[in-house]
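The values are calculated or read from the model by the stated rules, or taken from the named source; none is laboratory data. On a predicted model such as this, the values are computed, not experimentally measured, just so you know. Glycine also receives a Cβ, built like all others from the backbone with ideal geometry; neighbour counts cover every protein chain displayed.
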Amino acid sequence: MPLAPPITEIEQLKSHPAVARLLAWNPASIAEVKFDRDEMTIYLDRSSLREACALLRDDADCAFNFLSDVTCVDWFPAEPRFEVVYHLLSISKKERVRLKVRLDSASPAVESATSVWPAANFFEREVFDLFGIRFTGHPYLRRLLMPENWEGHPLRKDYPVEGYR
Amino acid sequence: MAHLTPTPVLEPAQDRTMILNMGPQHPSTHGVLRVILEIDGETVVRIMPDIGFLHTGIEKTCEAKFYHQVVPLTDRIDYLCPLTNNLCYVLAVEKLVGLEIPPKAQWMRVLLNELTRINSHLVWLGTHALDIGAMTVLLYCFREREEVLKMFEMISGQRMMTSYFRIGGLALEPPLGFFERVRDFTSRFSNRVDEYENLLTGNPIWTARTKGVARLTAEDATALGASGPTMRGSGVDFDLRRDMPYSGYENFKFNVPVMTEGDVFARYICRVRELRESNKIVQQALDGMPEGPIKANAPGIVLPDREKMKTQMEALIYHFKIVTEGFAVPAGEVYQAVESPRGEMGYYVVSDGAAKPYRVHMRAACLANLQTLPKMCEGRLIADVVAAIGSVDIVLGEIDR
């Protein structure tokens, strides 16, 4: 099965329930969309993330009531450097969608999703620990996997694989 | 949702309470989980899991390896279900590349995954019962687990770190006599599950320790990201194998056990019934095993057979190239989720077009399941904490990665 090229035109993807809901709410919240390998990705504006999450969770057509995962990708040395990735699942509709927020290295901070899904608690702590992304409004933003006094954020691309010696 | 966000436990909040440290070296925490408890007498007031003692940085290591070299690393994440990890990773990369997998390989993958589920659930049942005080069950469970491990050894040469799946198919043809051995096992296994149930299900001590203990409602389970039997024990009817099928699971008929009570006993019943369902799937896989190749026809990506390497120059060249410089994967990203014995295991693989993955992230089912612990345990006795930890079936290797 050869790969089809990704669809990035927002016009073609308007029928997707999540895109339609976000467009109806605030067209400026969507920065970019991508449909690639049967997976939907929505790039959101940083300021609208938490509200968009709450919207997608509560809307009857989307019903993304389950937060599968939160992670991050570091595109060092490009700017904006970080992409925080949220994988949502709708248990009733059996659908997935991926939300992304781009953050620059000067102020890698985004609003926490813990008030929408308490599941984000550990996931966001892990991203904070390994990438140094700050989640504003997180109830307990401390390192999760690395020791408390560890220096640096190991999954950043400018952190060597062998660690600092 | 605020009630689901636990407050951190650092020092006693009241005069009458004290802080108790459980783990990281504690036999009932299944590895190196540290749990900080604030207790009032024997009642748990607050509880906070503290993890990270087994962090090995596998995600970072993956970024320095070729795509094929990552497969053995995935075994080490969840050492009780290595083949499920293998499957999830290879499915993600296959989706990234756009490979079509021959039916025999898909059916073998399903067969081995269900054997892995049996293996993992047996360890869970044995250790969980041991935690609560039923020592005998462990011996019964490990008797059958030994048979499953011997099958893994037969097929891959390793008992635990199997690394049997490859991008594009399987590593080797299943050896002679393998299917007979599996069939022999499955024909007896259902009676074995009856034996475990005879020991536990109706046992008054077992029911007293598990029924009504560590309750979790369906809403809380979904909000906290719990998946797998932890979620199904609370009445959420969702199984990725049935609802979002992968690797040919749509060809199999099986039931998804769901219980509505949401206590330790409900999760126990879910898993025990899953043992029977997995056994049914293995039997179906044996009966309908298709003939044909075990590897996809993609010369630059799939490692060639040893025999071909000795006779064909192209095969030798491809082998050399794949081993020394890997294969380039078109840029893109994929999130692949499979139903592991513990819940939704997801691999998020990002490629920038090079021969090494740009980013591999594992969504650990246990990490999310562990977040339900405060909700389950607060206001209950310390002894129930042990039952609750056992019932969410944690594997620290997966939590800490």
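Taking the conditions exactly as written (in contact with a Phe, Trp or Tyr (Cβ under 6 Å, 6 or more places away or on another chain) and either aliphatic (A, V, I, L, M) or in contact (Cβ under 8 Å) with a residue 12 or more places away in the chain (or both)), does B:N203 satisfy them or not?
Details: in contact with a Phe, Trp or Tyr (Cβ under 6 Å, 6 or more places away or on another chain): no; either aliphatic (A, V, I, L, M) or in contact (Cβ under 8 Å) with a residue 12 or more places away in the chain (or both): yes.
Spelling it out, it is not the case that B:N203 is in contact with a Phe, Trp or Tyr (Cβ under 6 Å, 6 or more places away or on another chain) and either aliphatic (A, V, I, L, M) or in contact (Cβ under 8 Å) with a residue 12 or more places away in the chain (or both).
Restricted to helices (runs of 4 or more DSSP H) entirely inside the range B:342-401, those with at least 3 residues that are within 22 Å of the chain's Cα centre (by Cα), within 12 Å of chain A (Cβ to nearest Cβ) and under 19 Å from B:F53 (Cβ atoms) are B:365-370, B:396-400. Quick one: is B:A208 away from chain A (no Cβ under 12 Å) and of a type in the set (A, V, I, L, M)? Considered against the rule, which asks whether it is away from chain A (no Cβ under 12 Å) and of a type in the set (A, V, I, L, M), B:A208 comes out as yes. Applying the condition of being of a type in the set (A, V, I, L, M) and touching a Ser or Thr at 6+ places or on another chain (Cβ under 9 Å) to the range B:332-359 and asking which residue is surrounded by the fewest Cβ atoms within 10 Å (Cβ to Cβ) yields B:V334. Is it the case that some residue within the range B:247-264 is crowded, with 21+ Cβ neighbours inside 10 Å and closer than 22 Å to B:L139 by Cβ? For the range B:247-264, residues crowded, with 21+ Cβ neighbours inside 10 Å and closer than 22 Å to B:L139 by Cβ: present.
Just for the range A:103-118: of the residues that are touching a residue at least 24 places away in the same chain (Cβ under 8 Å) and away from chain B (no Cβ under 14 Å), which one is surrounded by the most Cβ atoms within 10 Å (Cβ to Cβ)? Please lay out each step first, then the result.
In the first step, residues of the range A:103-118 are kept if they are touching a residue at least 24 places away in the same chain (Cβ under 8 Å); the result is A:103-105, A:108-117.
After this cut, where a residue has to be away from chain B (no Cβ under 14 Å) as well, the list is A:103-105, A:108-111.
Working: A:L103: 20, A:D104: 12, A:S105: 16, A:P108: 21, A:A109: 12, A:V110: 24, A:E111: 19.
The residue in question is A:V110.
This table checks each residue for (1) under 16 Å from B:M362 (Cβ atoms); (2) away from every other protein chain (no Cβ under 11 Å); (3) in contact (Cβ under 8 Å) with a residue 40 or more places away in the chain.
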{"site": "A:A120", "(1), (2), (3)": "no, no, yes"}
{"site": "A:F123", "(1), (2), (3)": "yes, no, yes"}
{"site": "A:F131", "(1), (2), (3)": "yes, no, yes"}
{"site": "A:T136", "(1), (2), (3)": "no, yes, no"}
{"site": "A:R143", "(1), (2), (3)": "no, no, no"}
{"site": "A:N149", "(1), (2), (3)": "no, yes, no"}
{"site": "A:G152", "(1), (2), (3)": "no, yes, no"}
{"site": "A:P160", "(1), (2), (3)": "no, no, no"}
{"site": "A:G163", "(1), (2), (3)": "no, no, no"}
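The condition of being among the basic types (K, R) and exposed (fewer than 15 other Cβ atoms within 10 Å of the Cβ) holds for only one of B:R215, B:R183, B:R192, B:R241, that being B:R183.
Restricting attention to the range A:71-99, the residues that are crowded, with 20+ Cβ neighbours inside 10 Å, closer than 17 Å to A:L155 by Cβ, more than 9 Å from every other protein chain (Cβ to nearest Cβ) and in contact (Cβ under 8 Å) with a residue 40 or more places away in the chain total 2. With respect to the conditions (1) at pLDDT below 90; (2) out of contact with any Asp or Glu (no Cβ under 7 Å at 6 or more places or on another chain); (3) buried (at least 19 other Cβ atoms within 10 Å of the Cβ), B:T201 lacks only one, and its number is (3).
Give the range B:103-139 a look and list any residue that's modelled with pLDDT of 90 or more and among the acidic types (D, E), or say none. Matches in the range B:103-139: B:E114 only.
Got a number for residues in the range A:43-54 being within 14 Å of another protein chain (Cβ to nearest Cβ) and under 12 Å from A:R102 (Cβ atoms)? Give the steps one after another, and end with the answer.
Here is the first cut: in the range A:43-54, the residues within 14 Å of another protein chain (Cβ to nearest Cβ) are A:43, A:50, A:53-54.
Add one more test, that the residue is under 12 Å from A:R102 (Cβ atoms), and what stays is A:43.
Here the count works out to 1.
All of B:R166, B:R209 fail the test of being charged (D, E, K, R) and more than 20 Å from the chain's Cα centre (by Cα), apart from B:R209.
The helices (runs of 4 or more DSSP H) found wholly in the range B:18-112 and carrying at least 2 residues that are more than 12 Å from chain A (Cβ to nearest Cβ) and under 18 Å from the mean Cα position of the chain (by Cα) occupy B:67-75, B:82-97.
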